[in-house]
Amino acid sequence: MSDVLIAPSVLAADFAVLGEQVREAELAGADWFHIDVMDGHFVP
């Protein structure tokens with residue numbers, strides 16, 4: 001059985017305080033962050 005990884009989506013964050021919310025998610029145990037990229041561009 002493999003380990004479970006937590007990867008919250010950046011899309012669910014408040015972009016006005018993105019850095020703060022990423023830090024909070026890291027402190028809460030996030031392993032990765034899910035972002036969407038299409039044709040080489042971030043897709044919010």
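Every number in this text was worked out from the coordinates using simple rules, so none of it is lab data. Bear in mind the structure is a predicted one, so any value in this text is a computation, not a measurement. We place every Cβ from the backbone using ideal geometry, glycine too, and count neighbours over all the protein chains shown.
Here are some notes:
- Count Lys and Arg as plus one, Asp and Glu as minus one, and take only other residues whose Cβ is under 12 Å from that of Asp14; the net charge is then -2.
- Normalised contact order of the stretch 3-44, rounded percent, pairs of Cα under 8 Å and 6 or more residues apart: 49
- Highest average first, the peptides 2-14, 21-33 ordered by how many other beta carbon atoms sit within 10 Å of their residues are 21-33, 2-14.
- Taken over the Cα atoms of the chain, the convex hull encloses 84 Å³ per residue.
- Long-range amide H partners of Phe33 with built H, under 5 Å: none
- Remark: the stretch 17-27, residue by residue, has Karplus-estimated 3J(HN,Hα) of 9, 4, x, 5, 5, 5, 4, 4, 5, 4, 5 Hz, where x stands for each Gly or Pro and the curve is 6.51 cos²θ - 1.76 cosθ + 1.60 at θ = phi - 60°.
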